[in-house]
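Following: one structure in structure tokens, then a few remarks.
The values are calculated or read from the model by the stated rules, or taken from the named source; none is laboratory data. Everything quoted here is computed from the prediction, not taken from an experiment. Backbone-built Cβ (ideal geometry, glycine too); neighbour counts: all protein chains shown. Accessible surface is based on the protein model in full, side chains and every heavy atom, while ligands, DNA and RNA are left aside. Shrake-Rupley method; radii C 1.70, N 1.55, O 1.52, S 1.80 Å.
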Amino acid sequence: QLQLVESGGGWVQPGGSLRLSCIASISAASVDTFDYYAIGWFRQAAGKEREGVSCISSGDGGTNYTDSVRGRFTISRDIAKKTVYLQMNSLKPEDTGVYYCAADLTPWPATPDLERCTLRTSYASWGQGTQVTVSS
């Protein structure tokens, strides 16, 4: 019904930048209007729990960020392309991990609260992830 595919990961030196993409493929049986979906980005470092990083709400597309990435990461979307981006600047070694995008079709507030934004159970559909490695 809704498939998500992440891309854009790779290796980068500390201080560098990467832009991740999350492309949605929506089946005919699902809601086809991309801005009906809230999209979140998560990451999982080796041996650690998956943590929420950022999200963009449905509708007007309000955003939120976890404190560790606020000011360095920017989430955005292109509704026509059914794509959500995560621009990551000033990357640090602790940003290393597999990055996942996730989607939810239930109604979200215009400005998503951080708890809902970063909670895994807020989302119903998940991508397979893309690896980001930050090291010198």
Top of Asp67, Asp104, Asp32 by mean-square fluctuation, Gaussian network on the chain, Cα under 10 Å: Asp67
Debye intensity ratio in log₁₀ form over the Cα atoms of segment 61-136, taken at each q of 0.13, 0.20 Å⁻¹: -0.44, -1.07
Fraction of accessible area attributable to carbon and sulfur, the chain (%, probe 1.4 Å): 48 percent
Charge sum, other residues only, whose C-beta stays under 14 Å from Pro107's C-beta, Lys/Arg counted +1 and Asp/Glu -1: -3
Over the chain: helical MRE at 222 nm, DSSP H runs n ≥ 4 each giving -39500 (n - 2.57), nearest 500: -500 deg cm²/dmol
Cβ charges +1 (Lys, Arg) and -1 (Asp, Glu), total dipole of the chain, debye: 280 debye
Given charges at Cβ of Lys, Arg, Asp, Glu: the chain dipole, positive-most of Val132, Trp11, Gly47: Trp11
Surface accessible to a 1.4 Å probe, per residue, for the residues of the chain, Å²: 49 Å²
Percent of Cα-Cα distances greater than 18 Å, calculated over the chain: 49 percent
Among Asp35, Asp95, Asp60, residue whose mean-square fluctuation peaks in a GNM of the chain (springs only between Cα atoms under 10 Å): Asp60
Estimated FRET transfer efficiency (Ala124, Asp67; beta-carbon r; R0 25 Å; 0.05): 0.45
Calculated FRET value between Asp35 and Val5, using beta carbons and R₀ = 30 Å, to 0.05: 0.95
Low-density loop positions, GluC sites (Glu not before Pro), segment 1-108 - DSSP coil, at most 13 other Cβ in 10 Å: Glu49
Under 5 Å, built H, 5+ apart or other chain: amide partners of Trp108: Ser58
Cα centroid of segment 107-136 to Cα centroid of segment 15-79, whole Å: 6 Å
